[in-house]
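For reference, the structure discussed in these notes is given below.
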Amino acid sequence: MGDEVTLLDLWSSPFAMRVRIALKEKGIDYEAREEDLSNKSPLLFNMNPVHKQVPVLIHNGKPVCESIIIVQYIDDVWKDKAPLLPSHPYERARARFWADYVDKKIYGTGKLVWAATDEVQAAAKEELIECFKLLESEVGEKPYFGGNTFGLVDVALIPFYSWFYALETCGNLSLIDECPKLVAWAKRCMQRDSVSKSLPDQYKIYQHLLELKKKLEAQNKV
Ligand SMILES: N[C@@H](CCC(=O)N[C@@H](CS)C(=O)NCC(=O)O)C(=O)O
């Protein structure tokens, strides 16, 4: 019997994009169920009772939560095609380190660039550019963070390319000027079907983030 794979998904979530990319890299057929975060489904509460967040991968009835853990699970289960992690333990640890760095830095700092104002925004902008420059030096002259192969760190970071227009517009900055090699890397990733089919249009994300920003401001949450 074939595998039954369901993804509790959300079009705008960079975390869900990671899982969509990994599934497409592996060529796995799956059912995507779009969640409405203002009215979460009973299935989401059931499958991710701890965080109640998307994405959740449900594989033959069993849930796996947290995007980076899901991507590694996918790589463990569907080993034969498109490996996302290197085989050497040291290289695996390095890839996990950088994926963790992306998780700790990019979402939160990036969010302050599109959602905050004044000094908070200015500080976040400086920090984000520093993080991007560090990542840029890590990718160096290689085509991907995974070297010649597209891997875990590429999957972790590339969803944030969908934020680039919003970051540039809200933060009044030019990413091509600040980190040209990172932009070149992102464009290289976008040539892969797995990536271009999983990332929404940057302008659509910009509109969505502006809506979110208004809601956050109304709740005094920026
Ligand atoms: N660390 C989680 C983050 C997932 C996350 O933040 N998901 C957001 C959507 S982008 C969510 O479901 N938010 C709903 C909530 O927190 O109630 C992962 O990597 O999967």
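Quick notes
- Relative contact order [Cα under 8 Å, 6+ residues apart], segment 66-132, whole percent: 20
- Of interest is the spacing of the C-alpha centroids, which for segment 68-94 and segment 1-23 amounts to 16 Å.
- Centre separation in Å (Cα based) which lies between segment 115-157 and segment 170-221: 12
- Listed residues Ser67, Ser174, Ser162, most fluctuating in the chain (Gaussian network, C-alpha, under 10 Å): Ser174
- Longest to shortest principal axis, alpha-carbon extents of segment 1-111, angstrom: 44, 42, 22
- Projected onto its three principal axes, the C-alpha set of segment 108-185 covers 41, 20, 17 Å, listed from the longest axis down.
- Selection from Pro83, Phe160, Pro143 lying farthest towards where the dipole of segment 67-168 points positive, charges on Cβ: Pro83
- The chain - percent relative contact order, Cα under 8 Å, separation 6 or more: 21
- Size of electric dipole in the chain: Cβ of Lys, Arg +1 and of Asp, Glu -1, about Cα centre, debye, nearest 20: 160
- Counting only lysines at least 8 places from Lys62 when in the same chain, those with an alpha carbon closer than 16 Å to its own are Lys52.
- Summed side-chain charge close to Val153 - residues other than Val153 whose Cβ falls under 15 Å, Lys, Arg +1, Asp, Glu -1: +2
- A compact globular protein would have a Cα radius of gyration near 2.2 N^0.38 Å; the ratio found for segment 82-222 is 1.07.
- ³J(HN,Hα), Karplus 6.51/-1.76/1.60, whole Hz, each residue of segment 99-116, x for Gly, Pro: 5, 5, 4, 4, 4, 6, 9, 6, 4, x, 5, x, 4, 5, 5, 8, 9, 8
- Listed residue pairs exceeding 32 Å between alpha carbons, taken from Lys105/Lys204; Lys142/Lys213; Lys81/Lys221: Lys142/Lys213; Lys81/Lys221
- Packing, taken as the mean count of other beta carbons within 10 Å per residue, orders the peptides 131-138, 105-112 from highest to lowest as 105-112, 131-138.
- About the Cα centre, charge dipole magnitude for segment 5-77 (Lys/Arg +1, Asp/Glu -1 at Cβ), debye: 100
Every number in this text was worked out from the coordinates using simple rules, so none of it is lab data. From a predicted model like this one, the values you see are computed outputs, not experimental measurements. So basically every Cβ, Gly included, is an ideal-geometry build from the backbone, and we count neighbours across all protein chains shown.
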